[in-house]
Amino acid sequence: MDFLGCTLFLVLYYIRPHEWLPMLEALHPITFAMVLGMVGLVFRQRGLNPRDFFKTPHDWLMLAYFLWIAIFVPAESDSFATVRNMFIVYFVAVQVLYNRERLQKYLYWWAGLIFVLSMLALLSEMGIDPLDSNYLTHNVQKGRLSVNLSIFNNPNALGHTVVNLVPMLYFLLIWRRPVFVKEVGALLLVFPLWCLYLTQSKGAFLAGFGAAVVALSFGRPKYIQILVLALAVTAGWAGIQRLPRMQQLEQTKKDEGIQGRLAAWRWGYQVMQEQSKGIGLFRFGSTFEKANGYFKGPHSSYVEVGTEQGINGLFLFLAVLYCCVRTLVTARVQDEEMERLRRILMVMLVCYLLSSWMIGWGYRTTFYLLVACIAAFHRLVIQEQEQTARAVAESETAGAQVEQTAVIGQPVPEPALAPLPLAWQTSQGVSGGAWAMPSTGEEDLPPATSDETAATAPPSFWSRFSLVRWRRPGLLDLAVTYGLLRLVLHVWNYVTRTF
C-alpha cells in the first residue's frame, strides 16, 4: 500500500486527472495519495523504525533545509504548508523505495508518465485533444507546443519535463539490452524527441545537450570521454545551433525575453545581498512587481531559492544537490542492473541541474522525488556492500573452522558454502566506471587467507570515500558546497553583467 500511494502521487503530479475532471478536486486526491503512502508505511509488514529516517547525508541535509525554511524564512501559512508537504513526500518516498525492485519499478513509472504526457501534447496536434491544448499552443504560445495542464501550460515547462525522458529511455531500453528491446526503445525515442523539438525551448535543448553528453560519457574509459567531449563541442554544438530559436542566443541584447529574465536575475541578486533570510516563500513575482511595476518570475531555481530563502537557503539547496552528485559518482555497484539505475539517476540529476539555470523549479515535486530516489539508491548500495562483507566473513570463518578441525586430527566436515558476493556471482561485475572511484585492483581477487596480512594491510585511499563510511555530511562536504555556492553566485552575477 505504501508503494501504491507513492506511485499514485507521481501519477497525479504528471497526468493531473483532477484538472481534467474538476469534480475530482473535491476529493483531494493528492492528499489521499500522501495519506495512503504514510499509512502504508506504518502498517507494512517490515515495520517502520524511526532510526531508518536518517541513514544518509541527504536525510540530514533535507532536515536542516526544512528547519531553515520553517524557522527563518518568512512564509504565509499556505505557502509553508506546500513546502512542508514536499519534505514529507521526500521522507516517505525514501522509506518506500527500500529495495532494488521498488526503485526500478518507480523509475519505469516515472518514465512512462512523462511518455504519456508527451503523447498528450503530440496528439493535440492530430485532432485528439481532450484538454484543448491545441488552442493554447497556436493562439497563446505562438505555435510552440504546450499541454493545457497547470504546470505544463507553457512550452518551457513541457520541454524541461520531456527532456528527461530521452536519456531515461536510452538507459531503460537501449543500453546493454537485447536487439529486439533496443529496436522498441529506438522507436519510442522518436516521440519525446519530436515533442521536445515542437516546444522550441532553447533551455530544454541546452539541458538535453548536456544530458546527452553525460549519458554517452558517464562510466566510460577516459579516451571515450575525451572523444565524446570533442564531438560535443564541435559537431554537436554546430548541430544544436540549427534547432528552432537557438539563433537568438547570438543576439541576447536584442531578445526581449532574455533581457526580461536577466532583469529578474539582477534584481534577485541585489535582494539576496540585502536580505540574508530572503523575501519569503513564493514571493518573488509579487515583490518584483511592486519594485519594478511589472510581473516577472525568477526563471531559475537558483535565483528563486537564493532570493526567497536567502544565501543560507541557497547553500543548503546546493548541499543537497552536491550529495546527490557525490553518491552517483562514487558509488561502487556490483551488477549491471544497479549500474543502470545509477546512470538513469545521473542523467535525471544533470537535467535538473542544467534546467534549474533556466526555469524556476526550486519547489517542484521533481526536486524532492529525485533526491529521494538517489538517497534510496545510496541506501541500496550500502546494503549490498554490507551483505557482500558478511558473506566474505562467513566464508572465511567456515574456512578457519575447517583448518582448526584438521589440526586436532578430527575428520574434516564438508564446509557449508556461504553465499558469494554479487560481484563473484556474475561473469562481469560492473563497478563505477571511469567516473567512479578508481579501482584498486583488489575487488577481483579472493579474500586474503592470512589473518596477519588482513590485519596489517592499510586501507586504500579511495576506501575513505566509500558510501558505507559516508552516513552524515562532514567538513569536506560543507567546504565543497561552499565552493559550489561561490561558483553559482559568480555565474549568476557574471551572466547578468555580460549579457
Discussion item. Can you give me the Rg/Rh ratio for the stretch 1-159, using Cα atoms for both radii and the Kirkwood formula for Rh?
Written reply: 1.03
Worksheet item: With the radius of gyration and the Kirkwood radius both derived from the Cα set of the stretch 312-400, what is their ratio Rg to Rh?
Response: 1.14
Worksheet item: How high is the FRET efficiency between Thr397 and Tyr494 when r is their beta carbon distance and R₀ equals 60 Å, given to the nearest 0.05?
Response: 0.50
Worksheet item: In 5 Å bins starting at 0, how do the alpha-carbon pair distances of the stretch 149-225 split up by percent?
Response: 3, 16, 22, 21, 18, 12, 6, 2, 0
Discussion item. With +1 assigned to the C-beta of every Lys and Arg and -1 to the C-beta of every Asp and Glu, and no other charges, what is the dipole magnitude of the stretch 82-170 about the Cα centre in debye, to the nearest 20?
Written reply: 340
Item to complete: Note the per residue figure in Å³ for the convex hull of the C-alpha positions in the stretch 1-48.
Response: 55
Practice prompt. Determine the distance separating the Cα centre of the stretch 380-397 from the Cα centre of the stretch 158-181; give it in Å without decimals.
Written response: 33
Practice prompt. Could you pull out every residue, at least 5 positions away or on a different chain, whose amide H is within less than 5 Å of the one on Arg332? Hs are placed 1.01 Å off N in the peptide plane, and Pro or chain starts have none.
Written response: Leu467
Item to complete: State log₁₀ I(q)/I(0) for the stretch 108-251 at q = 0.10, 0.12, 0.20, 0.22 Å⁻¹ as given by the Debye formula over alpha-carbon point scatterers of equal weight, solvent excluded.
Response: -0.38, -0.54, -1.23, -1.35
Discussion item. I'd like the FRET efficiency for Ala26 and Met86, computed as 1/(1 + (r/R0)^6) with the beta carbon distance as r and R0 of 25 Å, rounded to 0.05.
Written reply: 0.65
Response to the item:
By the mean-Cβ-within-10 Å protection proxy, highest first, 118-127, 262-271, 206-215 rank as 206-215, 262-271, 118-127
Worksheet, complete the sentence: Per the helix-only model, the chain has a calculated mean residue ellipticity at 222 nm (DSSP H runs of ≥4, -39500 (n - 2.57) each, divided over all residues, rounded to the nearest 500) of -20500 deg cm²/dmol
Worksheet entry | Under the Debye formula (equal points on every Cα, no solvent term), log10 I(q)/I(0) of the stretch 212-313 at q = 0.11, 0.15, 0.16 Å⁻¹ | -0.55, -0.78, -0.81
Fill in: Virtual paramagnetic centre 7 Å along Cα→Cβ of Val39, amide N under 18 Å, in the stretch 93-110
93, 96
Item to complete: Figure the gain on full extension for Ser150 and Glu183 (residue separation times 0.36 nm, minus the Cα-Cα span) and round it to one decimal in nm.
Response: 8.4 nm
Practice prompt. Taking the convex hull of the Cα atoms, report for the chain its projected area averaged over all directions, in nm².
Written response: 28.0
Fill in: Long pairs among Lys142/Lys253; Lys253/Lys277; Lys254/Lys290; Lys105/Lys202; Lys182/Lys222, criterion Cα-Cα beyond 29 Å
Lys253/Lys277; Lys105/Lys202
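None of the figures in this text is laboratory data; all of them are computed from the coordinates on show. These figures come from a predicted structure and were not determined experimentally. All Cβ positions, even for glycine, are placed from backbone atoms using ideal geometry, and neighbour counts span all protein chains on display.
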